[in-house]
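Accompanying notes for the structure given below.
Just so it is clear, none of the values below were taken in a lab; they were calculated from the coordinates. On a predicted model such as this, the values are computed, not experimentally measured, just so you know. Note that we place each Cβ from the backbone using ideal geometry, even for glycine, and neighbour counts take in every protein chain shown.
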Amino acid sequence: MRTDGQSLNPTVLIVSTSRWFPIARLAIALSEAGCRVEAVCPPRDPLSNTGVVERHHSYSGVMPLRALRRAIVSSRADFLVPGDDLSIRHLHALFGKERQRGADGAAVCELLERSFGPAGSFPVVGTRAEFIRLAQDERVRVPDSAELHSPADLPTWFKRSGFPAVLKVDGTSGGEGVRIVRSLGEAEETFRSLSAPPLLARAVKRMLVKRDNSLLWRSLLRRSSAVSVQSFIAGREATSALACWQGKVLAGLHFEVLQKTHAFGPATVIRRIDHPEMIQAAEKIVRRLQLSGLHGLDYMIEDGTEKAYLIEINPRATQVGHLAYGEGHDLPAALCAAVSGHAVAAEKTSTRNDIVALFPQEWLRDSRSPWLRSAYHDVPWEAPEVLRACLRRRPTRASWSVGDAQKPVAMNPRPSPVVRLAKSNRDLDF
C-alpha cells in the first residue's frame with residue numbers, strides 16, 4: 001500500500017458488492033481523471049465491462065473481510081472507493097478487525113482512515129440518530145428526530161411532534177426500511193416490523209442472490225435493528241454529492257429530485273441547483289467529521305419556505321458521482337488531484353443541461369418518459385460494453401427516442417445494433 005499521496009497516477013481500489021451500474025460510470029470517470037483503477041467485486045459486476053479496470057479481485061459474500069484485506073494488500077491502493085452500503089459496512093468492520101491485529105494491521109487501518117476520515121466518524125455515519133445529533137450540534141437544520149428503543153417511546157415523541165412522521169431503520173438504503181406513519185397505532189406496528197430480526201428465508205435469499213450475509217447473522221442471532229423517527233417535512237427531496245479531503249469539500253454537486261423509481265426509491269431524474277443552505281451544511285458536516293473520499297447528503301427542501309433539512313448521510317459514492325459540471329463540480333478529478341498531491345487536471349463538463357435523466361434508471365422506469373427527450377440523458381456512449389450490460393437489464397423490447405431526430409429506436413438485446421447506435425450518436429447531448 002502506498003500512503004504518501006505523491007503518486008502521479010494514484011491507484012484507486014473500488015469495492016462493489018451489488019452489481020450497481022453507477023459505480024461502473026464512476027470507475028470510468030476516475031480513470032479519465034488520471035487514476036489507475038482496480039476493483040474487488042462479484043462475478044458479472046458492471047465494473048468488468050468498463051475497460052478501465054486494470055485488475056479484478058474476487059469478492060466473497062461468505063468471507064468478505066478476508067477477501068477485502070487480500071485485495072487491499074495485493075493492489076497496494078492509494079485510496080479506496082466503496083460503491084454501495086454493504087461495501088462501507090464491510091470496510092468499517094475490517095478496520096475494527098485490523099486494529100485488533102496491532103502492528104500487523106496498521107497499514108490497512110491507515111489506508112481506511114486516509115480514504116474515509118478518522119475512525120471516530122465511522123459509528124456516526126453508520127447510525128442515523130447519531131448523525132442527526134451531530135448535525136444539530138453543528139447548527140445544521142434537521143427535522144425533529146429521536147432514537148426509538150421500544151414502542152413505549154412513541155407516545156411521548158408524537159405528543160411533542162405530531163403526525164405524520166417517518167420511521168427509519170439503520171443499515172438500509174434505496175428507500176428500504178423507510179415508512180411514513182400517520183397514527184400511533186400505525187407507528188407501533190411499523191416499529192415492530194422494522195426492528196424485528198429478519199426472517200431466515202429472506203436472509204438466505206439475500207445471501208444467495210446478493211452475496212450479503214449480514215442479514216443471516218442478524219436472523220440467526222435474533223438481533224433487532226435500530227429504528228429512529230423523524231418529523232415529516234412536506235417538500236422536495238434533494239441530494240449533494242461531495243468529494244472531500246481531510247475535512248475540506250473539494251468539489252460538490254447539488255440536485256433536487258424530479259422523478260424517482262417509487263415513493264421511497266432512488267432518483268431517476270434530477271435538476272442541478274445552487275442552494276446556499278445545502279452547501280453550508282455540507283461544509284459543516286465534512287469539517288466536523290474530517291471526512292475524506294466520496295460522500296452524499298440527502299435533504300428535504302420544505303415547500304413554501306425553501307429551507308433545506310438535512311435528513312441523512314451516505315458515506316460512499318452515490319449514483320451521480322461521475323457527472324461533472326466544470327471547475328469545483330468534478331468529483332473524480334478533484335479527488336484524484338488530492339490523493340496524488342498534484343494540481344487538478346482539466347475538469348470536464350458532462351452537459352450544459354441542468355436536468356439529467358440518469359441511465360439506465362429512468363429508461364428502466366419508463367422507456368417512453370418525456371424526460372428522455374427534454375433532459376440530458378446520461379447514456380454511456382463512451383463505454384459500449386457498459387451500455388450493453390445496462391440494456392440487458394430490461395427483459396423485453398422497448399422503444400427509446402434518441403437525439404434531435406425524435407425517432408423511436410427498438411432496443412435489441414443483441415450487442416451489434418447497440419454498438420452501431422452508440423457510434424452514430426455518441427456526441428449527442430440529449
Between residue 9 and residue 56, what length comes free when the chain is fully extended (0.36 nm per residue of separation minus the Cα-Cα distance, one decimal in nm)? 15.1 nm
Ranking 144, 330 by Cβ neighbours within 10 Å, fewest first, what do you get? 144, 330
Can you give the FRET efficiency for residue 149 and residue 104, using 1/(1 + (r/R0)^6), R0 = 41 Å, r = Cβ-Cβ distance, to the nearest 0.05? 0.60
Could you pull out every one of the aspartates and glutamates with an alpha carbon less than 17 Å from that of residue 168, ignoring same-chain neighbours closer than 8 positions? 85, 130, 144, 147, 153, 176, 186, 188, 189, 237, 298, 312
7 Å from Cα along Cα→Cβ at both residue 354 and residue 70: what's the point-to-point distance in nm? 4.9 nm
Report the local net charge at residue 162: Lys and Arg +1, Asp and Glu -1, summed over other residues whose C-beta lies under 12 Å from its C-beta. +2
Relative to the present Cα-Cα distance, how much length would full extension add between residue 262 and residue 133 at 0.36 nm per residue of separation? 43.6 nm
Taking only the Cα atoms of the range 257-340, how large is their convex hull per residue, in Å³? 112 Å³
Length gained if residue 196 through residue 159 is fully extended, taking 0.36 nm per residue and subtracting the Cα-Cα distance, is 10.9 nm
Residue 29: net charge of surrounding residues, Cβ under 13 Å, Lys/Arg +1, Asp/Glu -1, itself excluded? -3
